[in-house]
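Read the structure below first, then the notes.
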Amino acid sequence: MSQFLGLASHRPDEANPSSEGTGRPPLSHELRPHRHRRPATEIPNPWIYPEDAPSCPENQTMMQGFEWYLPADYQHWNRLTGIIPTLSVLGITSIWIPPACKASWHTGNGYDIYDLFDLGEFTQKGARQTKWGTKEELQTLTQTAHAHSIRVLFDAVLNHKAAADYSEPARAIRVNPSDRNKTLSEKGEVEEIETWTGWSFPGRGSTYSPMRWNREHFTGIDYDHLRRENGVWRFEGKQWATDVDEELGNYDYLMFADIDHKHPEVRRDIFYWTSWLSRQVKLGGMRLDAIKHYSFEFLRDLITHIHLHVDPDWFLVGEYWRQDSEFLARYIEFMDHRISLFDVQLVNNFSQVSLRGEKGDLRTIFDDALVIWKPHHAVTFVVNHDTQDGQSLETPIAPFFKPLAYALILLRANAGMPCVFYADLYGSMGKSEDDETIKGRQSSSPPVSGGTVIPKMMLARKYWAYGTQLDYFDDPACVGFTRFGHPSRSRGDGLAVIMTNDWEYKTKTMCVGKRHAGEVWTDVLKWCPGRVRIDSEGYGEFVACPQSVSVWVYEAAFSRDLVDMFRL
């Protein structure tokens, strides 16, 4: 495992001149030396895809294959395996699965991670399996997905560890939870505390990895067992990483026992784990959790290791929750464009515009979205497990607006990779009735629009969302766009999308290309009746129903019958 130590750091980032020549990774504020916001008007219009190009790349679509409130019935790997053929039909090319490593208890979702090397194989924390199932069932899932050309993205939780096997005496400095650079005593005295920082993995032993974790492998903790007190402590002799997000002064510490990514044994074990993992299950990449909380330099070294020693074609997407697309764009540059990030700004735009109802300005929906800054390195989404009802990053979106938002991420060109949420397709179990935090919230929710609309949009993306795009973002209450189609995909069939947040019917004359002259188009979603005939110049007058979206397609388009009849 020694080859995983001491990877050479990359050259100083060209997009970050303030760190050049310093011999250190950049501080987070140095990745954003000034604040610049880009309006939606900077999106290219038209966006041209040449008709004479020999081919048009297949659209890629991701699915988040879980939601927070799934039951702890240990059957989720089997559930996902059963729907893989359907997801393939819908055009899913990647599925992001929940953390598959053993959690602090066998019913945990996995972000409270206990053991990286236990994928549901060893009897630890109350059971052999994880909440999702056994290692063998996970292997079956990944093999089935691979057979259907769907790459599995493993959710890697590398910031912290939870549920230690034993406590240890430690010396630490208590810091201000609201500003981790400040201590809670004038002189910053060291305290004698007792910390749960010992991991011996009694169920696994030395299988796969001999490493035993102790307090030397961590920078801080949030609980003193000696006094039964909660707080934030930084261990004596340790410093927070400086190349992390500057929220709360320094956001290295997030929760549980905070991993010290500078420690050579930690680096060796984590780098080795990524190689080991690729041999255990058939993967196509990773979703990296909570990357704002640990060293940028460490992550860049880890990405280099994956590229050189695991698989250069792995797709990597990071969760960096920050409404600052300029910063996220510079972060992507610092990572040599080998990572994508979730488009946080776009989700917040969806929320803010939708909650204003008919007063929301649809023209601004893409303002400062990451897809403007880095269209090939943005993952767009409408809801995820952190933003759904009752979660820490809850970002409410008005129910009428969710289909509009999905049309915007699924059917547009040059706009990142869209990620469809499991609960929006299959519904959410919601909180249990005995959960005191429910406080009047809906305990479960059905799929969006009864489970029929999002699948039809996914199929429209798969078959017809190709070629040149024209935008019609000229009315605050009604916007639209068209895709001309491309001869190399579905016989060149295209589509037209129109949406409104108003309480009245809206119409918009839009061009779909002269190639479609004479065709009769209808709404795939069947929300808007009528037929639109395309004129000799390629124009049609398209309609949207009140607070709705319509996706208009040639009534005899390639695979139109399949789309019209499809049911989950």
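The values are calculated or read from the model by the stated rules, or taken from the named source; none is laboratory data. All values derive from a computational prediction rather than experimental measurement. Ideal geometry is used to build each Cβ from the backbone, glycine not excepted, and the neighbour counts take in all protein chains shown. With ligands, DNA and RNA removed, areas are computed over all heavy atoms of the protein, side chains included. Shrake-Rupley method; radii C 1.70, N 1.55, O 1.52, S 1.80 Å.
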Label model pair HIS309, ARG171: point-to-point distance (7 angstrom along the Cα→beta-carbon line) in nm is 3.4
Folded to 0 to 90 degrees: helix 296-305 orientation relative to the chain principal axis, Cα: 80
With all protein chains present and a 1.4 Å probe, how do LYS374, LYS462 order by accessible area, largest first? LYS462, LYS374
Considering only the chain, percent of DSSP beta bridges that pair antiparallel, nearest 5: 70
Here are a few candidate values for Cα Rg over 2.2 N^0.38 Å: [x] 1.08; [y] 1.32; [z] 1.02. Which one was actually calculated from the structure I just gave you? [z]
Once phi for every residue in segment 551-568 is put through the Karplus expression 6.51 cos²θ - 1.76 cosθ + 1.60 (θ = phi - 60°), the whole-Hz ³J(HN,Hα) values, with Gly and Pro written as x, are 10, 8, 9, 3, 5, 10, 5, 4, 6, 4, 4, 4, 5, 4, 8, 5, 9, 5
Amide H to amide H under 5 Å from VAL420: which residues, 5+ apart in sequence or cross-chain, H placed 1.01 Å off N in plane? MET62, MET63, GLN64
In sequence order, what are the phi-derived ³J(HN,Hα) couplings for segment 131-136 according to the Karplus relation 6.51 cos²θ - 1.76 cosθ + 1.60 with θ = phi - 60°, rounded to whole Hz, with x for glycine and proline? 3, 8, x, 8, 4, 5
Would you list TYR251, TYR505, TYR331 from the most to the least accessible area, probe 1.4 Å? TYR505, TYR251, TYR331
Once the Cα gyration tensor of segment 38-172 is diagonalised, what are the square roots of 5 times its eigenvalues, in whole Å and ordered largest first, as equivalent ellipsoid semi-axes? 37, 22, 12
For LYS374, go through the aspartates and glutamates and keep the ones whose alpha-carbon is under 15 Å away, minus same-chain ones fewer than eight residues off. GLU42, ASP324, GLU326, GLU333, ASP336, ASP343
Two pseudo-spin positions, 7 Å from Cα along C-beta at SER185 and at ASP475, lie apart in nanometres by 6.8
Computed Rg/Rh of segment 152-261, alpha carbon atoms with Kirkwood Rh: 0.99
Starting from the amide H of ASN176, placed 1.01 Å from N in the peptide plane, find each other amide H under 5 Å away whose residue is 5 or more places distant or on another chain. LYS182, THR183, LEU184
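With all protein chains present, how much of the accessible area of the chain (probe radius 1.4 Å) comes from carbon and sulfur, to the nearest whole percent? Provide the component values of the computation, followed by the final result.
Values: 10840 of 21550 Å².
Here it works out to 50 percent.
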Table column - 3J(HN,Hα) (Hz), segment 228-234, Karplus curve with 6.51, -1.76, 1.60, x for Gly and Pro: 6, 10, 9, x, 10, 10, 9
How high is the relative contact order of the chain, in percent, counting Cα pairs under 8 Å that sit 6 or more residues apart? 14
With axes computed from alpha carbons, what is the tilt in degrees of helix 344-355 against the longest principal axis of the chain, rounded to the nearest 10 within 0 to 90? 60
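Which entries in the list LYS182/LYS292; LYS292/LYS462; LYS131/LYS462 go over 30 Å, if you measure between the two C-alpha atoms of each? Before the final figure, lay out each step's value.
On the way: LYS182/LYS292 20 Å; LYS292/LYS462 33 Å; LYS131/LYS462 33 Å.
Going by Cα-Cα distance, LYS292/LYS462; LYS131/LYS462 fall outside the 30 Å limit.
To the nearest µm²/s, what D does Stokes-Einstein give for segment 235-341 at 25 °C and 0.890 mPa s, using the Kirkwood radius over alpha carbon pairs as Rh?
Details: Rh = 14.7 Å.
It diffuses with D of about 167 µm²/s by this estimate.
Show that you can apply the helix-only estimate: for the chain, add -39,500 (n - 2.57) for every DSSP H stretch of four or more residues, divide by all residues, and state [θ] at 222 nm to the nearest 500.
On the way: 11 runs with 112 residues, N = 568.
One gets -6000 deg cm²/dmol as the mean residue ellipticity at 222 nm.
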Degrees separating the helix 453-464 axis from the principal Cα axis of the chain, which is the longest one: 70
Which residues in segment 282-301 have a backbone N closer than 19 Å to a point placed 7 Å from the Cα of GLN239 along the Cα-to-Cβ line? 293-299
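Per residue, how many Å² of accessible area does the chain show with a 1.4 Å probe?
On the way: 21550 Å² over 568 residues.
Here the per-residue accessible area is 38 Å².
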Can you find, among GLY513, MET499, GLN547, the residue sitting farthest towards the positive end of the charge dipole of segment 412-568, where Lys and Arg contribute +1 and Asp and Glu -1 at Cβ? GLY513
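Taking Cα atoms of segment 289-336, Rg/Rh with Kirkwood Rh, to two decimals?
On the way: Rg = 11.2 Å, Rh = 11.5 Å.
Radius of gyration over Kirkwood radius for segment 289-336 works out to 0.97.
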Provide, in order from the shortest bin, the percent of all Cα-Cα pairs of segment 474-568 in each 10 Å bin, continuing until the bin that contains the maximum pair distance. 18, 49, 29, 4
Calculate, in nm to one decimal, what VAL520 and MET565 gain on full extension: separation in residues at 0.36 nm each, minus their alpha carbon distance. 14.3 nm
